[in-house]
1. What angle do you read, to the nearest 10 degrees and between 0 and 90, between the alpha-carbon axis of helix 41-53 and the longest principal axis of the chain?
2. Can you give the % of DSSP beta bridges in region 1-148 that are antiparallel, to the nearest 5?
3. In the chain, what percent of the accessible surface is made up of carbon and sulfur (1.4 Å probe, ligands and nucleic acids excluded)?
4. Which of the peptides 88-95, 41-48 is most tightly packed, and how do the rest follow, going by the mean number of other Cβ atoms within 10 Å of each residue?
5. Rounding to the nearest 10 and keeping the result within 0 to 90°, find how far the Cα-based axis of helix 108-122 lies from the longest principal axis of the chain.
6. Using all Cα-Cα distances in the chain, what percent lands in each 10 angstrom bin from 0 up to the longest?
7. Please calculate how many Å² of accessible area region 48-161 carries per residue, with a 1.4 Å probe and no DNA, RNA or ligand atoms counted.
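The values are calculated or read from the model by the stated rules, or taken from the named source; none is laboratory data. As the structure is a computational prediction, the values presented were derived from the model and not from experiment. Don't worry about glycine lacking a Cβ; one is built from the backbone with ideal geometry, like all the others, and counts go over all protein chains shown. Keep in mind that these areas ignore ligands, DNA and RNA; they rest on the heavy atoms of the full protein, side chains included. Shrake-Rupley method; radii C 1.70, N 1.55, O 1.52, S 1.80 Å.
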Amino acid sequence: MNFRIGHGYDVHALGDGLRLVLGGVEIPHTKGCIAHSDGDVLVHAICDALLGAAALGDIGKHFPDTSAEFKGIDSLVLLRRVVALLGEEGYAIGNIDATIAMQRPKLRPHIDLMRERIAEAAGLEIGDISVKATTTEHLGFEGEERGVSATAVCLIFRREK
C-alpha cells in the first residue's frame with residue numbers, strides 16, 4: 001500500500017466583532033478571524049495537510065482568496081472538495097491529527113463537535129480525527145490574542161485496485 005504523510009499550517013489575524021469559526025463550529029468570542037472565507041484556520045490546515053500528502057499543491061492554489069466564489073465560504077465545503085479531489089486521485093484518508101494555538105477562549109468544550117463536523121465532511125469516523133487546543137502561555141501573536149494558528153498532519157493511502 002502507498003502511504004503518504006501530509007502537514008498543514010494556517011494562521012489568521014483576529015479582529016473585534018467578527019465570527020470565530022474553528023473546525024466548522026462557531027465559537028462565542030469577542031474576536032474572530034480576518035479572512036476571505038469563514039477564516040477556519042483548523043479546517044484550512046487540514047486541507048493543506050491532505051493536499052500536501054497527495055502532492056496536489058495547497059489550499060490557495062485550489063481556492064484562491066482572490067476569487068469571489070470563495071468569499072465567506074464555509075471551510076467545510078472546501079474540505080469536502082479536497083476529499084473528493086483525493087478520491088479522484090485514488091487516495092483515502094487514514095487519520096487526521098490537528099492542534100489549534102489560541103490564548104482565549106477555552107476550546108475544550110467545543111472540540112468534540114469540531115471532531116464530529118470534520119469527520120462528517122471528510123467521510124471519516126470521529127475516531128479518525130484528533131483535535132487538540134493549546135495556549136502559548138501569553139507568548140507570540142496567539143498569546144497576545146492578535147491571531148490564531150493551527151497545524152495538522154494526516155496519513156493518506158492509495159486504495160488497492
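1. Value to nearest ten degrees: 30.
2. 55
3. 53
4. Details: 88-95: 15.8, 41-48: 29.1.
By packing density, highest mean first, the sequence is 41-48, 88-95.
5. Result, in degrees: 30.
6. Result, from short to long distances: 12, 43, 34, 10, 1, 0 percent.
7. On the way: 5790 Å² over 114 residues.
I get 51 Å² per residue for region 48-161.
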